[in-house]
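The values are calculated or read from the model by the stated rules, or taken from the named source; none is laboratory data. On a predicted model such as this, the values are computed, not experimentally measured, just so you know. Cβ atoms come from the backbone with ideal geometry, glycine included; neighbour counts cover every protein chain shown.
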Amino acid sequence: MKKFLLAIAVLAGLSATAQTFAVGDLKYTITSATTVEVSGLANTAATAIDVPATAENEGVTYNVTAIGDQAFRWASITSAIIPSSVEVIKHGAFNGADLVSITLNEGLKEIGDYSLACKNLTAIDVPSTVTRIGDDAFFSATALANVTLHEGLKTIGKSAFYKAPMTSLVIPASVDTIDKTAFLFCKQLATVTLNEGLKYLGDGAFNGCTALQGITLPSTLTHIGMECFLENTQMQSIYLGAGIKELGESFMAKTGITTINLDPANPYFKLVDGVLYSMNGLILYAAPMQGLTEYTVPDGTTAIYGGAFWGSQIVNITLPESMLVLDDYAFCQSPLANINLPNGITYLGEQVFAATNLTEVVLPENAPYIQDGEFAGCTKLRKLTFPSSILQVYNHAFMNCSNLTITALGSNPPEIMDYYDDWDEPFYNASVTVYVPKGAKSAYQAADWSYYVTLKESETGTVKTVATSPAYGDTIVNATGYIPMSVTVTFDQPVELVQENPDVHIRTNYLFYSSDIRPDDQWVASLSDDQKTLTLYGADLDGFTCQFRANEEDWYYFSLPAGMVKNADGEESEHIFILVHYAQGEAPQVPGDANGDGQVDISDVNAVINMMLGKTDMVENCDMNGDGKIDISDVNAVINKMLGK
């Protein structure tokens, strides 16, 4: 037994030592009974290598099939010849090496990630057998002026030729995917030929190719990624084929494009007076970057896509009342001076107005967040009105804004979101004075606003809300799954009704959702006898309260507009958000609630009348005086309950 164990140990030791060996200038690692890969230099002084197709060790001849991971990383070799037996150059094989030239032979199938990221490499001829150029394969190869690609190549990986200085390039027809940032910051690249067969251009594929004169996109192309041609200032036109169905945000922002052309057979997009829209007209995707200074967006359009006017020459724009969303970077770094913001807008994106020429802005009431960098660099901005609905202010929002006066209409200070470095704060390097409602300065100071801005109180205050029903965060329990479109608001003083049909919204889970739940007819408002309680309900076509189907997994925001009521001094109520949740179960009985929806309204009055007339069975909690029957006294009691008496 001892001899047997000793023999196993000897064999194991031989196997371990046989895993690597050196021949000449190179080290090898055995990968199978017949193959090895080059794993490094045996002679670290070597500056030129000619990898053999085979290597012999202890009487066994192995085929050399790969250049191993990081085999020559940071090595001093300046030239290399790779034989046809090598199928793959693995991850980081020559990364950072002093390589100036390399010969690749037919038989190679893959150039791995970071494998030839060599700053001194001047030219590359990729064999036709290569199907994939890996991610960052030639990353920061800043001397790579000559690149030759052949039919057979399928994929060019992300950042594959980052900062390469070639001036022209032909992409073979066999390539169907150019991944994101593949040619990022190839600033000398003036001409590119894309052949039929290409399907996918990734995010930023040609971003920063500032010398690119123009590019013909093949009809097979279906996807153009985000910021694909960003800052290609020499591009004057773009042609979108019939196959294009996906366009990333800012895909042609900050270019020199004056004309957008579109294949009329394209089923996904359309041109309206030279501006690109979704086929249904709801989304404005892109506008000419040069030559368009004034524009009126057609009625019915609901969104301006990310970066649609980023870096354009737009100065004046008119938005329709249908507008709901201005996406990230929509007008960034444009000379925009005038824009109307319809109150229905629910979302203003990051840096949407950054570095524009706006001087005065009134923010829409239904957009509750000031996004990252929303007005950063707006050095001409002097007046800004915050509606009372603003809840949060994010990083860089007003960075570098000078001499800005903000009028905040809400007595509750918006939350200043956390930031990491000082330069991330919303008011970094800005000079801002904020006027808050009378009596609200202490609340803003307590929320640290005085650390960033100069606080002053306005001459007028607001009407304060004492309570709402349902209250913020309430869970409505019932078995039906329906939540009534009904809210009551109690104020701290008698008020006068200003809006009989206020623009109330119900949104699911997020306040910035553009779609909302609407009643069949409209919202109706009324005041109690003491004029302190406001009742709102969404009416159906018969004047009764609508209900909506609720999902237990969702939360629902009731968004009540500012200015629904005012006091004797003309001070108005603020915007109110109420968050409610539905849970299945038996609802607690509310006296007079005949239909079990948790509230008492006109539908319950009608139901009690029907009980009194014997048309329906009696509901116990509608016997308001407990005498065991339903009569006119119960009807009157339910009416008083509905009116808040």
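Being at pLDDT 95 or above, surrounded by fewer than 21 Cβ atoms within 10 Å (Cβ to Cβ), closer than 29 Å to GLU360 by Cβ and of a type in the set (Phe, Trp, Tyr) narrows it down to one of TYR305, TYR295, so name that one.
That would be TYR295, the only listed residue that is at pLDDT 95 or above, surrounded by fewer than 21 Cβ atoms within 10 Å (Cβ to Cβ), closer than 29 Å to GLU360 by Cβ and of a type in the set (Phe, Trp, Tyr).
Can you pull out every residue in segment 378-398 that is closer than 13 Å to VAL432 by Cα and either surrounded by fewer than 22 Cβ atoms within 10 Å (Cβ to Cβ) or of a type in the set (Ser, Thr, Tyr) (or both)? Hits for segment 378-398 are THR379, LYS380, ARG382, LYS383, THR385.
Do we find a residue being touching a Lys or Arg at 6+ places or on another chain (Cβ under 6 Å), closer than 20 Å to TRP310 by Cβ and either of a type in the set (Phe, Trp, Tyr) or free of Cβ contacts under 8 Å to residues at least 12 places away in the same chain (or both) anywhere in segment 210-225? Looking for residues that are touching a Lys or Arg at 6+ places or on another chain (Cβ under 6 Å), closer than 20 Å to TRP310 by Cβ and either of a type in the set (Phe, Trp, Tyr) or free of Cβ contacts under 8 Å to residues at least 12 places away in the same chain (or both), one finds none in segment 210-225, hence no. Are any residues in segment 324-359 touching a Phe, Trp or Tyr at 6+ places or on another chain (Cβ under 7 Å) and hydroxyl-bearing (Ser, Thr, Tyr), and if so, which ones? Scanning segment 324-359 gives TYR329, SER334, THR346, TYR347, THR356. Taking the listed residues LEU262, LEU282, the one that is aliphatic (A, V, I, L, M) and either at pLDDT below 95 or within 25 Å of the chain's Cα centre (by Cα) (or both) is LEU282, with no other qualifying.
Within segment 577-624, the set of residues being among the β-branched types (Val, Ile, Thr) and either over 25 Å from TYR472 (Cβ atoms) or at pLDDT 75 or above (or both) comprises ILE578, VAL580, VAL600, ILE602, VAL605, VAL608, ILE609, THR616, VAL619. Among the residues making up segment 437-475, a single one is under 20 Å from PHE577 (Cα atoms), touching a Gly at 6+ places or on another chain (Cβ under 8 Å) and β-branched (Val, Ile, Thr): THR462.
Is one or more of the residues making up segment 548-555 among the hydrophobic types (A, V, I, L, M, F, W, C), at pLDDT 95 or above and crowded, with 18+ Cβ neighbours inside 10 Å? No, the conditions are met nowhere in segment 548-555.
If the condition is being polar (S, T, N, Q) and either surrounded by fewer than 15 Cβ atoms within 10 Å (Cβ to Cβ) or assigned to a loop (DSSP other than H, G, I, E, B) (or both), then segment 48-79 contributes THR54, THR61, GLN70, SER76, THR78, SER79.
Mind checking whether some residue in segment 216-232 is part of a strand (DSSP E or B) and over 19 Å from SER168 (Cα atoms)?
Looking only at segment 216-232, we keep the residues that are part of a strand (DSSP E or B), and these are 223-224.
The next check asks that each one be over 19 Å from SER168 (Cα atoms); those that pass are 223-224.
The answer is yes; a qualifying residue exists.
With respect to ILE416, is the statement that it is surrounded by 15 or more Cβ atoms within 10 Å (Cβ to Cβ), at pLDDT below 95, touching a Pro at 6+ places or on another chain (Cβ under 7 Å) and on the phi < 0 side of the Ramachandran plot true? When the stated conditions are applied, ILE416 does not pass them.
Among the candidates GLU321, GLU374, GLU360, the residue that is surrounded by 23 or more Cβ atoms within 10 Å (Cβ to Cβ) and without any contact (Cβ under 8 Å) to a residue 40 or more places away in the chain is uniquely GLU374. Residues that are over 22 Å from GLU37 (Cβ atoms), in contact (Cβ under 8 Å) with a residue 40 or more places away in the chain and in contact with a Ser or Thr (Cβ under 9 Å, 6 or more places away or on another chain): does segment 158-166 have at least one? There is at least one residue in segment 158-166 that is over 22 Å from GLU37 (Cβ atoms), in contact (Cβ under 8 Å) with a residue 40 or more places away in the chain and in contact with a Ser or Thr (Cβ under 9 Å, 6 or more places away or on another chain).
Residues in segment 607-624 that are in a loop (DSSP other than H, G, I, E, B), under 14 Å from ALA637 (Cα atoms) and in contact (Cβ under 8 Å) with a residue 12 or more places away in the chain: MET624 alone.
Looking at SER458, is it surrounded by 15 or more Cβ atoms within 10 Å (Cβ to Cβ) and within 30 Å of ALA337 (Cβ to Cβ)? Judged against the criteria, SER458 is a match.
Residue-by-condition table, conditions (1) within 25 Å of the chain's Cα centre (by Cα); (2) among the β-branched types (Val, Ile, Thr):
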site	(1), (2)
LEU358	yes, no
ASN366	yes, no
PHE386	yes, no
ILE406	no, yes
LEU409	no, no
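Taken together, the criteria place MET252 among residues that are buried (at least 22 other Cβ atoms within 10 Å of the Cβ) and under 18 Å from ILE304 (Cα atoms). Among residues of segment 250-270 being free of Cβ contacts under 8 Å to residues at least 24 places away in the same chain and not in a loop (DSSP other than H, G, I, E, B), the one that is farthest from ALA205 (Cα to Cα) is LYS270. Go through segment 403-418 and give me each residue that's within 23 Å of PHE577 (Cβ to Cβ) and in a strand (DSSP E or B). Selection gives ILE406, THR407, ALA408, GLU415, ILE416.
Results for (1) modelled with pLDDT of 95 or more; (2) closer than 12 Å to LEU116 by Cα; (3) touching a Leu at 6+ places or on another chain (Cβ under 7 Å), shown as yes or no for each residue.
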| site | (1), (2), (3) |
| --- | --- |
| THR34 | yes, no, no |
| VAL38 | yes, no, yes |
| ALA46 | yes, no, no |
| ASP50 | yes, no, no |
| ALA53 | yes, no, no |
| ASN63 | yes, no, no |
| GLU87 | yes, no, yes |
| HIS91 | yes, yes, no |
| ALA97 | yes, yes, no |
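The residue list ILE224, ILE238 contains one member that is touching a Leu at 6+ places or on another chain (Cβ under 7 Å) and β-branched (Val, Ile, Thr), which is ILE224.
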